[in-house]
Amino acid sequence: MIKKYNIAVIGATGNVGRETLNILAERNVPINKIHAIASDNSLGRKVSFGEKILQINSLKNLDFRGLDIAFFCASSEVSKEFIPKATANNCIVIDKSSLFRVDNQVPLIVPEVNLSTLKEFNTKNIIANPNCIVIPLAVALKPLDNEIKIKRVVISTYQSVSGAGKTGMDELYDQTKSQYVFRENDPKKFPKQIAFNLFPHIGDLNKDGYTSEEAKIAFELNKIIGNHFKASVTSVRVPVFIGHAISVNIEFSNKIDANIAKEILEDADGIITISNNNDLAYISPVEVVGEDAVYVSRIRDDFSRPNTLNLWITCDNLRKGAALNSVQIAEELISTYL
């Protein structure tokens, strides 16, 4: 008989929480009981889980005893308050917030890249899910780095508003409507107008001119892939609802060209490559919505610098960039460790 597990999704009414429930149902994870958890503000609401409808229950009243796995899909503040209560009751936590990503005792996992480090989870009973840009970046960069070591990367990200939660999506929607009727709609969630606009400002600006998002991306990439290369990052918020895109310039330690890179990426797990065989041979954010793969297109040599390539990467930030990655972690926990 297949063992089944008691699982909770905290933040079940948010973008990532809802997608986590969807993917748990889609992939037939062996679940005995599923708990949809949110703040008291969401009490009375219902969410879908496959063909079932779940009633939202309060996080404050959640008893972690008897739970096997808890997906935390909420803020760092929520994680800070409630994860210690979960782990104190032997519940394994997969945390989507940034709280534990810098903790050396907490594995930061992308299953296609560094699954072997998952065994370290039992130090604290916590696994950190990486940043939604870092996941597709790591999936694309690691197989190349395995063949020829990366020396330096220059990254420009184009991040959709769903990365800022439902309130970010609502703000883009409301501002777009307001533009058509010539009505002012001042920014609330974002620092500037997002409708028909973009800006290089995600997170807080620090004293060296980088944002907290840019610093997170550089740090997490090194933690997942290795510290042998440097990353320079510019993160841009764009007026797209779902789907992140990334332009990457990669300098390698030895000779490589676009054809070699394409062969490597074609053999890698979790990646779909697109050949440069016509004018539309690239994938845009809107085309990856609902997709599980990381798409890599516009693979080309950088003629300005030796041993250097350019890539265009796109990914559904709510699925592989967040929920799917965490469910894959849970699947490995279940199959190997529980």
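Per the Debye calculation on the stretch 1-133 with a single equal scatterer at every Cα and no solvent contribution, log₁₀ I(q)/I(0) for q = 0.09, 0.16, 0.21, 0.22 Å⁻¹ amounts to -0.24, -0.80, -1.38, -1.49.
Counting charges near LEU311 (Lys, Arg +1; Asp, Glu -1) among other residues having Cβ under 12 Å from its Cβ returns a value of +1. Between [x] 21.9, 66; [y] 19.2, 63; [z] 20.2, 63, which matches Rg and Dmax of the Cα atoms in Å calculated for the structure shown? It is the value labelled [z]. Using a simple spin-label model with pseudo-atoms 7 Å out from Cα toward Cβ, SER304 and PHE196 lie 3.2 nm apart.
Working note: 222 nm ellipticity from helices only, DSSP H runs with n ≥ 4, each -39,500 (n - 2.57), summed and divided by the residues of the chain, gives -8000 deg cm²/dmol to the nearest 500. Sequence-distant contacts, meaning Cα pairs under 8 Å at least 6 residues apart, place the relative contact order of the stretch 19-99 at 24 percent. Averaging sequence separations of C-alpha pairs under 8 Å and six or more residues apart, then dividing by the length of the stretch 263-338, give the relative contact order as a whole percent. For the stretch 263-338, the relative contact order is 24 percent.
Gaussian network model of the chain, Cα springs within a sub-10 Å range: biggest mean-square fluctuation belongs to which of GLU214, GLU26, GLU287? With Cα springs under 10 Å in the chain, the top fluctuation among GLU214, GLU26, GLU287 is at GLU26. Here the peptides 316-324, 32-40, 92-100 are ranked by packing, the mean other Cβ count within 10 Å, and the order with the highest first is 316-324, 92-100, 32-40.
Among HIS201, HIS228, HIS244, the ranking by other beta carbons within 10 Å of each residue's beta carbon, starting with the fewest, stands as HIS228, HIS201, HIS244. Angle of helix 134-147 to the longest C-alpha principal axis of the chain, folded into 0 to 90 degrees and rounded to 10: 50°.
Could you please rank SER247, SER335, placing first whichever residue has the fewest other Cβ atoms within 10 Å of its Cβ? Before the final figure, lay out the partial values.
Details: SER247 16, SER335 9.
Placing the least packed residue first, the sequence is SER335, SER247.
Averaging Cα coordinates gives a centre for the stretch 1-41 and one for the stretch 91-115; these two points are 18 Å apart. Antiparallel beta bridges, as assigned by DSSP with both residues in the chain, represent about 45 percent of the total such bridges.
Counting other Cβ atoms within 10 Å as a rough exposure proxy, the listed residues VAL102, VAL78, VAL240 run VAL102, VAL78, VAL240 from fewest neighbours to most. Computed from the C-beta positions of ASP269 and VAL236, the FRET efficiency with R₀ = 25 Å rounds to 0.35. In this label model, ASN185 and ASN57 are separated by 3.8 nm, measuring between points 7 Å along each Cα→Cβ vector.
Each value in this text was obtained by applying a stated rule to the coordinates, not by laboratory testing. Just so it is clear, the model here is predicted, and its values are computed rather than measured. Neighbour counts run over all protein chains shown; Cβ positions are idealised from the backbone, glycine included.
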